[in-house]
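Each remark here refers to the structure printed beneath this line.
None of the figures in this text is laboratory data; all of them are computed from the coordinates on show. Since we're looking at a predicted model, the values are computed, not measured. Please note: Cβ atoms are built from the backbone with ideal geometry, for glycine as well, and neighbour counts cover all protein chains shown.
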Amino acid sequence: VQLQASGGGLVQAGGSLILSCAASGSILSLDIMGWYRQAPGKQRELVASITSGGTTNYADSVKGRFTISRNNAKNTVYLQMNSLKPEDTGVYYCNAYEQYWGKDYWGQGTLVTVSS
């Protein structure tokens, strides 16, 4: 499975962005899909994840502002980011985990820059 992330860019604080992660094949077999981010000088951290059953999980720092969703028909996972803050700046990576094979897949990053 190949993952293609898109949607990053430069936005002012308080603004919104939508990230998309398109998979090369069906995402039905992907048990968990998520978004991670890595800020300059910091470790990569989980931002949000969604299971094949639709259960979501969010980092405390983004709860109430970010929404993750998946469209199985389009093999795509989205991250709606609202009320963006400068501390949301970083490279955002799409991730997928396939439990049956124990495989982890990563997309290339997409840069999000939030100016104050």
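Numbers below:
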{"quantity": "Full-stretch length increase - Glu87, Ser52 - with 0.36 nm per residue and alpha-carbon distance subtracted", "calculated": "9.7 nm"}
{"quantity": "Environment charge at Gly53 (Cβ cut-off 12 Å; Lys +1, Arg +1, Asp -1, Glu -1)", "calculated": "0"}
{"quantity": "R0 of 22 Å, Cβ-Cβ distance Thr113-Val1: FRET efficiency to nearest 0.05", "calculated": "0.20"}
{"quantity": "Inter-centroid distance (Cα atoms) of region 39-88 relative to region 98-116, Å", "calculated": "10 Å"}
{"quantity": "Of Trp101, Ser20, Ala48, farthest towards positive along the dipole that unit charges on Lys, Arg, Asp, Glu beta carbons give the chain", "calculated": "Ser20"}
{"quantity": "Estimated vicinal HN-Hα couplings, Hz - region 91-97 in sequence order (Karplus 6.51, -1.76, 1.60; Gly, Pro = x)", "calculated": "8, 9, 10, 8, 9, 9, 10"}
{"quantity": "For region 36-97, size of Cβ-based charge dipole, Lys and Arg +1, Asp and Glu -1, in debye", "calculated": "100 debye"}
{"quantity": "Dipole moment magnitude, nearest 20 debye, the chain about Cα centre, only Lys, Arg, Asp, Glu C-beta charged", "calculated": "140 debye"}
{"quantity": "Charge tally in the Cβ shell below 12 Å around Ser26, where Lys, Arg are +1 and Asp, Glu are -1, Ser26 excluded", "calculated": "+1"}
{"quantity": "Residues of type lysines that Lys74 reaches as a straight line, Cα spacing below 26 Å, ignoring anything fewer than 8 places off in the same chain", "calculated": "Lys63, Lys103"}
